[in-house]
Every structure is written in structure tokens, then in C-alpha cells.
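Novice: Next up is a structure, given as C-alpha cells.
The values are calculated or read from the model by the stated rules, or taken from the named source; none is laboratory data. It should be emphasised that the depicted structure is a prediction, and the values quoted were computed from it without experimental measurement. Neighbour counts run over all protein chains shown; Cβ positions are idealised from the backbone, glycine included. Areas reflect the complete protein model, heavy atoms only, side chains present, ligands, DNA and RNA absent. Shrake-Rupley method; radii C 1.70, N 1.55, O 1.52, S 1.80 Å.
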Amino acid sequence: MKIIRLNKTMARVFGGMLAIVISPIVAFPNSGSFDSSFFANLSNRMINTLDRANALLFNTKLVTEHYEFSPLLSELSELIENEPINNGTLMLYTPVELNFEELEETEEPEEIEDSDSESEPITAPVISQNITVRRSGEDAAYSPYQGTIVRRTFRPSVAGNYVHLYDGGQVRNGSRSISAARLLYESRLPLTFGIKADISEPQVLIIHTHTTESFAEVSDTFRSLDADKNIVAIGAVIAEEIARAGFGVVHDGTIHDYPVFNGSYSRSEQTITTILERYPSINIVLDIHRDAVESNGAPVAAVTNTTHGEAAQIMIISAADNGEWGVPNFMHNFRFANRLQSQLENDHPGITRALWFKYSNYNQHLTPASLLIEVGTHGNTLDQTLISGRLLGESIGNLLTTLAELP
């Protein structure tokens, strides 16, 4: 595919034209008939239209008084000149301020078919192991949380450390040394592992470092040892949907955070390592959690409307490393993370929070596609997170199907 480049003159002309169109909305998002949601919708439509036309849009953070591009453009142009991209064009969008808005009512949702639907049978094996369904008496002292729960929807942000991905979705760049231009460049590079349409060997591992994480409606401690009521239940439906797409999955429910919480990641590393030794075909390791977000001390439920009902928003975390975190090939994980982020947003717009790229380890040194995924928060209901788990598994299946078709 031909690489499209903008010289500085072209960039300034295009930037000026674009700034004239959108700067009144950026500068005065709440004036007249414009508000933040209007701008977000307009921006998304513009991006999608230009994407489909295969145009090159450099929509960086504008200095609206002078209609100039930020220094990021020069850095990106230099990067392209020094390291040409051979698999497509590179596009840079305006990073968008985190804005919480109340969820709006939508039309009646469609129902998700049960996992045992005869019309769409699971076509690949799910190897479930170490799943603890109920320990008699363990949860007897627990009672549902009775306090206030704040419902919020995380919207795209215009803050300077947020970057629009080429194919949809955002990255929250939590690193201090890796530029937005570099992330966008890396997001277009090929993966360092292959996917096979082969059900004879598992290719995905789902584990839970914080296995007892649960939800406000289950326990006022937001924990449970019951795999039907904690995060393991979410992992189960994710595994089912991936298997339905034809890819084998190992779902491990080993408890790593009880009775001792400290050292959970060391224990889950041992679990992952043992499973990888047994199933060397696995490259994708997904550590499924639920987040904990508060507003003035009250649990926040991260919610969004989908065609399948009200669901919990999903956040992917991909490790960054400045040489201190033990993840030397962290960009390999990021390439897979951004593809999944974009797949989710294209399949189910609004279901994601920005992909968080942050200094961390989270056992992401073990494979080239190891990610931590937060499905909802402790304020969400189990039903909301189960819906999101199914949608997440569906999108993973869609992504793997696409990757398996690549030469």
C-alpha cells in the first residue's frame, strides 16, 4: 500500500482548514447548540469517514489562535521518514478531557442468546480448571453493599496524554518517555506471533490474579470465593465466546489473592508459567479483573448502553517499561492491545475506556500478547459484567478470526 506523507506546507494548510472548522467547537464546547457529546459524535463521524476513504488526517492538538500544529507533527514526520511503514498509512488524531456523563436511555435492548444455544455451538474446546463454585459457609457473613453507587459513563478525552488509535478507540499514555507519535507508529506494526484456525491446540489463556474480586450486589467487601459470583464467572463467558469463534481456550480459576492478598502476582506468574509449559501453543494471556473506581468515597459503576442491554465498560491495561519493570518486549503486547481496543470500539461503540499504557509488569513479560483487562468496576452488577464479558469474548473471537486469515 502506498505510504502517504505530508510535507510541512501541506500540513499547515490542512491544519489551518481543519482548525477553522472545529476550533469554535473546541474552544466553546458548551456554547449554543454544541456540547461535549455533540463534539465527540461529530469527531467520531469525521474520523470514520476519513478512515474509510483511506485519507491521512493529522488532527493533532491545535493551537487554535494560530492554527498551527503542535511539535508532535514534526516528531511524527521525522519518525515516518526514518522508519517507513510498509503496511498502510499512519494517522494521528486529537487526543480527547475525561468527561463523566450520566447514562442516557436508549431503545429496548436485544437479548444475548444463552451459551448453550443450539444454533451457535461452541466449536473449540474450553479447558476449565481449578474453578471453585461455592465453599459452604465461606460467603455466609457477606451481605450486599447498601450504600450509594454512582453511575458514570467514561467518554473519549481531549486531554494531552490521550491518543486516538488509527482504527478506533483511545490510548491513555501513562508513560513519561514514550511519545504519542511512537505509540501510533507501533500500533501499525505487525504482531510478533501468529494465529492459527486450529482447534486442536489452545491459543488463549484466561486467568485471574485477583480471583475473588466481586461486585457490590454480591458483597459489601466486594469479594467472594464463589466462582459463580466473582470475576471467574466473567472469565467463563469470555472463554465460551472465544471458543465459539473456533479458538481453544484454557480458563484457570486458581485463587491467588486469598487468604493472603500480597504476592498475588507472583503466585499467578507461577500458574501462567506452568500452563504455558503444558500448552506451548498459547501466546495470548488475558488476566481478567474488575476495576475499583470511587467518587467521594462511593463505588462507581462504569456503564454503557449496548444493543444487548446495559453493560459494564471495559479497560485494557498494557505495560510500558523504561528499563525498570522487566518487560523488554512490552511493545509486542501493545500492538495486540491496540488491535483489541479498536475491535471492541468498532463492534460495540462506547464499551471501552481508554486503553491504559502505563509503567507496570502484571506478568506481561511471559508472552507477546499478555494483557490485563478490567471488566467493569466494583460498583457494576454481575449481569452488566456478564454482558460485557460476552461482548469482549465475541470481539476477541472476531479479532482472532481476522488475524488467522492473514498470510
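Novice: Can you give me the number of residues within segment 198-223 that are small (Gly, Ala, Ser) and within 18 Å of the chain's Cα centre (by Cα)?
Specialist: 0
Let's see how each residue does on (1) crowded, with 24+ Cβ neighbours inside 10 Å; (2) at pLDDT below 95; (3) touching a helix residue (DSSP H, G or I) at 6+ places or on another chain (Cβ under 9 Å); (4) not in a loop (DSSP other than H, G, I, E, B):
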residue	(1), (2), (3), (4)
SER200	no, yes, no, no
VAL204	yes, no, yes, yes
LYS229	no, yes, yes, no
ILE242	yes, no, yes, yes
VAL249	yes, no, yes, yes
THR254	no, no, yes, no
ASP257	no, no, yes, no
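Novice: Which one of ALA369, ALA320 is buried (at least 23 other Cβ atoms within 10 Å of the Cβ), of a type in the set (A, V, I, L, M, F, W, C) and over 17 Å from ILE242 (Cβ atoms)? I'd like the intermediate steps shown before the answer.
Specialist: Working: ALA369 fails: over 17 Å from ILE242 (Cβ atoms).
After ruling out the rest, the residue left standing is ALA320.
Novice: Related question: Scan GLN384, GLN341 and give me the residue that is open to solvent by 10 Å² or more (accessible area, probe 1.4 Å), assigned to a helix (DSSP H, G or I) and not aliphatic (A, V, I, L, M). First the steps, then the outcome.
Specialist: On the way: GLN341 fails: open to solvent by 10 Å² or more (accessible area, probe 1.4 Å).
Selected residue: GLN384, the only one of GLN384, GLN341 that is open to solvent by 10 Å² or more (accessible area, probe 1.4 Å), assigned to a helix (DSSP H, G or I) and not aliphatic (A, V, I, L, M).
Novice: Identify all residues within segment 147-194 that are of a type in the set (D, E, K, R) and over 25 Å from VAL293 (Cβ atoms); write none if there are none.
Specialist: Scanning segment 147-194 gives ASP167, ARG182, GLU186, ARG188.
Novice: Let me ask you something else. Identify the residue in segment 125-148 that is surrounded by fewer than 16 Cβ atoms within 10 Å (Cβ to Cβ) and modelled with pLDDT under 75 and, among all such residues, is farthest from GLU201 (Cα to Cα).
Specialist: ALA141
Novice: Hey, another quick one. Kindly evaluate GLU186 against the criterion of being over 20 Å from LEU372 (Cα atoms) and either under 17 Å from the mean Cα position of the chain (by Cα) or surrounded by fewer than 22 Cβ atoms within 10 Å (Cβ to Cβ) (or both).
Specialist: It is false that GLU186 is over 20 Å from LEU372 (Cα atoms) and either under 17 Å from the mean Cα position of the chain (by Cα) or surrounded by fewer than 22 Cβ atoms within 10 Å (Cβ to Cβ) (or both).
Novice: Quick one: what pairs do we get from segment 344-357, first residue farther than 12 Å from LEU391 by Cβ, second in a strand (DSSP E or B) and among the basic types (Lys, Arg), C-beta under 8 Å, 6+ apart or different chains?
Specialist: Matching pairs, first to second residue: ALA354/ARG172; LEU355/ARG172; TRP356/ARG172; PHE357/ARG172.
Novice: Hey, SER268 hits all of (1) at pLDDT 95 or above; (2) surrounded by fewer than 21 Cβ atoms within 10 Å (Cβ to Cβ); (3) polar (S, T, N, Q); (4) under 25 Å from ALA233 (Cα atoms) but one; which does it fall short on?
Specialist: Status for SER268: all satisfied but (2).
Novice: Select, from ILE255, ILE234, ILE275, the only residue that is out of contact with any Asp or Glu (no Cβ under 7 Å at 6 or more places or on another chain) and farther than 18 Å from SER395 by Cα.
Specialist: ILE255
Novice: Take the residues in segment 282-308 that are open to solvent by less than 10 Å² (accessible area, probe 1.4 Å) and of a type in the set (Gly, Ala, Ser), then tell me which one is nearest to ILE199 (Cα to Cα).
Specialist: ALA302
Novice: Among the residues of segment 196-235, which ones are polar (S, T, N, Q) and farther than 16 Å from ASP257 by Cβ?
Specialist: If the condition is that a residue be polar (S, T, N, Q) and farther than 16 Å from ASP257 by Cβ, then SER200, GLN203 are the ones that fit.
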